[in-house]
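Asks: Below is a structure I'd like to ask you about.
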Amino acid sequence: MGPDIARSPLFIGSFYNHWDRYPTWTLLAALFVIFVLFRVYETARQYRRLRHFKGPPLAAVSKSWLLKTVTGPRGHLEFYKVTKKYGSLARIGPNDLLNDDPGLMRRMLGVRSGYRRSDWYDGMRFNPSRDNVLSCRDEDEHTKLRSKMAAGYSGREVQAFEQKIDDNLVRLIRLIERYVDGRKPFDFGRKAQFFTLDVISDLAFGEPFGFVASDSDMYEYIKTTEENLPVFMGMTVVPWVIRLFRIAKRFSAERFGPDAKVQRDMLGSFVAHGLTQEEAESEILLQIIAGSDTTATAIRATLLYIITNPRVHNKLLAEILSKYNTTARRPIISDAEARNLPYLQAVIKEGLRIFPPVAGLMAKKAPPEGDTWNGVFIPGGTRVGWSSWAMFRRPDVFGEDADEFRPERWLVGQGEDAKEEDGTAGAAEKKLREMEATIELIFSSGRYQCLGRPVALMELDKVFFEHVGRGPEGLIFETNADKGVLSAASTT
């Protein structure tokens, strides 16, 4: 009995009209056979659609390989291995491809692209009843949300935008100094999370949560995040979000109603541009979760590479000290000054490249008519995700030493060979432009570009400058083979 016969009206009608003639076990057996045949048919159909793409054998017929990988602690490394073994466009699920080609990534993110957000983004809906700017899959609604929030994220309508970051960084420096003065060990990774959570809450709601001031995991946010993150990566909504949802509702409620609080912070800007109370609750959750953890990861990962590489540390310190000696000392360096320090900027780019803080697939759905890339057809409706870890280690983009932390690669366009004799870009400058265009994908691009990019880069500029410039001697960073850089940093 083939699947087409089993699904035909004649078969189903005959079976339904005479079901009472069969014993119960026969009925159950028949239903089981029909179910198995249907699953075999569906599996074969899915397999054939993407049979011209290579990948882990199990991934072609089941989602189990993908689910195991995304919920594991080393999924980013598994994806990297897949692209190394099977190529730039590899199969990781019955209807899923993995990409490490920056050209295809930019094509997918283009303003006129036929690719759209896939159901992967449903997992970013932290409020079960309302989309946020990251989870929204409706293009028109997504554009409207971005327009309401762009001014707030840019800092144009946030009072003392940069000063708030400075104030929170001063509190972090003083906290570290207390540990150093007392010769006590401490977990720098945890302090970095405290700092980024205080920054985003101060910018968004007008006051910091107080993680650094209390030197504690307030609301047990970090504890519950770390405990539930593997589950979160494999599910749409998880119960621990409820605790954060209460915080979001409290902050949102203060800005609406007859006694609404009016403040020049991000949330105030969002409301002024038409964000509703329900929308505000969803965006607050996104800010707390996505706006703090990714930046904290970038801080502790890059700092780990700086501290454990004496050449890089000494070169960066020399640049910083030259700045101190030529400029009137401010409590915290301005963002404008930091952006004019070439080696500091090279270190930041290299840190984002060697350990990208965003490891999610961010899968887009191919247009209904399909797409052709490098002569290979991608059927319509196929989910195409990316591996940031693999993309930022491509030797053809970043050089044969792409697995090494070497900030100098970002300075190649400043030498004598940067320009041709006629003034056009030389080979070195073209390579630099290619690398910079690729690393920018960490913040996505086009209509999907991360709204929090200015905040994150400002935090990185200031943290690395101040920590290396003022940093006490004797800081020891430890790593763990299973946890990567989510490790303790201590001083003795």
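Asks: Check LEU303, LEU286, LEU316, LEU275 and return the single one that is surrounded by 17 or more Cβ atoms within 10 Å (Cβ to Cβ) and in contact with a Lys or Arg (Cβ under 7 Å, 6 or more places away or on another chain).
Replies: The match here is LEU275.
Asks: Also, I was wondering about something else. Answer yes or no as to whether ARG183 is outside any helix (DSSP H, G or I) and on the phi > 0 side of the Ramachandran plot.
Replies: Working: outside any helix (DSSP H, G or I): yes; on the phi > 0 side of the Ramachandran plot: yes.
Spelling it out, ARG183 is indeed outside any helix (DSSP H, G or I) and on the phi > 0 side of the Ramachandran plot.
Asks: Name the pairs: first residue in segment 95-118 and modelled with pLDDT under 95, second residue aromatic (Phe, Trp, Tyr), Cβ to Cβ under 6 Å, at least 6 apart or on different chains?
Replies: Filtered contacts from segment 95-118: no entries.
Asks: Look at segment 39-73 and say how many of its residues are surrounded by 12 or more Cβ atoms within 10 Å (Cβ to Cβ), assigned to a helix (DSSP H, G or I) and either at pLDDT 90 or above or within 24 Å of the chain's Cα centre (by Cα) (or both).
Replies: Looking only at that region, the number is 10.
Asks: Identify all residues within segment 74-93 that are part of a helix (DSSP H, G or I) and either of a type outside the set (Gly, Ala, Ser) or farther than 17 Å from MET391 by Cβ (or both); write none if there are none. Before you say what the answer is, go through the steps one by one.
Replies: Restricting attention to segment 74-93, the residues satisfying the condition of being part of a helix (DSSP H, G or I) are 75-86.
Hits for segment 74-93 are HIS76, LEU77, GLU78, PHE79, TYR80, LYS81, VAL82, THR83, LYS84, LYS85, TYR86.
Asks: Counting only residues that are under 22 Å from the mean Cα position of the chain (by Cα), assigned to a helix (DSSP H, G or I) and surrounded by fewer than 21 Cβ atoms within 10 Å (Cβ to Cβ), how many does segment 150-165 have? Explain how you work it out, then say what you get.
Replies: Of the residues in segment 150-165, the ones under 22 Å from the mean Cα position of the chain (by Cα) are 150-155, 165.
Add one more test, that the residue is assigned to a helix (DSSP H, G or I), and what stays is 150-154, 165.
Next, from what is left, pick out any that are surrounded by fewer than 21 Cβ atoms within 10 Å (Cβ to Cβ): 150-151, 154.
Final tally of qualifying residues: 3.
Asks: Can you tell me which residue is modelled with the highest pLDDT among those in segment 422-456 that are of a type in the set (A, V, I, L, M, F, W, C) and in contact with a Gly (Cβ under 6 Å, 6 or more places away or on another chain)? Walk me through it before giving the result.
Replies: The first filter runs over segment 422-456 and keeps only residues of a type in the set (A, V, I, L, M, F, W, C), leaving 425, 427-428, 432, 435, 437, 439, 441-443, 450-451, 455-456.
Now restrict to residues that are in contact with a Gly (Cβ under 6 Å, 6 or more places away or on another chain): 428, 432.
Details: ALA428: 89, LEU432: 96.
So, considering only residues that are of a type in the set (A, V, I, L, M, F, W, C) and in contact with a Gly (Cβ under 6 Å, 6 or more places away or on another chain), the one modelled with the highest pLDDT is LEU432.
Asks: Please determine, by comparing only the residues of segment 132-149 that are assigned to a helix (DSSP H, G or I) and without any contact (Cβ under 8 Å) to a residue 12 or more places away in the chain, which one is surrounded by the most Cβ atoms within 10 Å (Cβ to Cβ).
Replies: Here the answer is LYS144.
Asks: For segment 110-131: of the residues being touching a Lys or Arg at 6+ places or on another chain (Cβ under 7 Å) and assigned to a loop (DSSP other than H, G, I, E, B), which is nearest to GLN449 (Cα to Cα)?
Replies: Filtering segment 110-131 down to residues touching a Lys or Arg at 6+ places or on another chain (Cβ under 7 Å) leaves 111, 113, 115-118, 120-121, 131.
Going one step further and asking which of them are assigned to a loop (DSSP other than H, G, I, E, B), we end up with 111, 113, 115, 118, 131.
Values: VAL111: 11, SER113: 14, TYR115: 15, SER118: 16, ASP131: 17 Å.
Checking each candidate, the answer is VAL111.
Here is a yes/no grid of residues against (1) of a type outside the set (Asp, Glu); (2) closer than 20 Å to GLU440 by Cα; (3) touching a Ser or Thr at 6+ places or on another chain (Cβ under 9 Å):
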position	(1), (2), (3)
ILE354	yes, yes, yes
ALA366	yes, no, yes
GLY370	yes, no, yes
GLY380	yes, no, no
ARG383	yes, no, yes
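Asks: Going residue by residue through segment 413-421, is there one that turns out to be at pLDDT 65 or above and part of a helix (DSSP H, G or I)? Full working, then the answer.
Replies: Let us first name the residues in segment 413-421 that are at pLDDT 65 or above, namely none.
There is no residue in segment 413-421 that is at pLDDT 65 or above and part of a helix (DSSP H, G or I).
Asks: Against the condition modelled with pLDDT of 90 or more and either assigned to a strand (DSSP E or B) or assigned by TED's automatic domain parsing to the domain that holds PRO331 (or both), how does GLU459 come out, does it pass? Before you say what the answer is, go through the steps one by one.
Replies: Details: modelled with pLDDT of 90 or more: yes; either assigned to a strand (DSSP E or B) or assigned by TED's automatic domain parsing to the domain that holds PRO331 (or both): yes.
Yes.
Asks: Can you name every residue in segment 258-287 that is more than 20 Å from GLU162 (Cα to Cα) and of a type in the set (Ser, Thr, Tyr)?
Replies: THR276, SER282 - these are the residues of segment 258-287 that are more than 20 Å from GLU162 (Cα to Cα) and of a type in the set (Ser, Thr, Tyr).
Asks: Sticking with this one: Anything in segment 185-216 that is more than 23 Å from the chain's Cα centre (by Cα), under 18 Å from LEU303 (Cα atoms) and buried (at least 19 other Cβ atoms within 10 Å of the Cβ)? List them, or say none.
Replies: Passing the criteria: only PHE186.
Asks: Restricting to segment 79-107, give me the number of residues that are under 17 Å from the mean Cα position of the chain (by Cα) and crowded, with 19+ Cβ neighbours inside 10 Å.
Replies: First pass over segment 79-107, keeping only residues under 17 Å from the mean Cα position of the chain (by Cα): 79-80, 98-100, 102, 105-106.
Narrowing further to those that are crowded, with 19+ Cβ neighbours inside 10 Å: 79-80, 98-100, 102, 105.
So the count comes out to 7.
Asks: Next question, about the same structure. Can ARG190 be described as modelled with pLDDT of 90 or more and farther than 22 Å from TYR153 by Cβ? Quick ask: steps written out before the conclusion?
Replies: Values: modelled with pLDDT of 90 or more: yes; farther than 22 Å from TYR153 by Cβ: yes.
Criteria met by ARG190.
Asks: Filter segment 196-234 for residues that are of a type in the set (Gly, Ala, Ser) and in contact with a Leu (Cβ under 6 Å, 6 or more places away or on another chain); which is modelled with the highest pLDDT?
Replies: Looking only at segment 196-234, we keep the residues that are of a type in the set (Gly, Ala, Ser), and these are 201, 204, 206, 210, 213-214, 216, 234.
Adding the requirement that they be in contact with a Leu (Cβ under 6 Å, 6 or more places away or on another chain) leaves 204, 234.
Details: ALA204: 93, GLY234: 47.
Taking the candidates together, the pick is ALA204.
The values are calculated or read from the model by the stated rules, or taken from the named source; none is laboratory data. Quantities reported herein were computed from a predicted structural model and do not represent experimental measurements. Cβ: placed from backbone, ideal geometry, glycine included. Neighbour counts: every protein chain shown.
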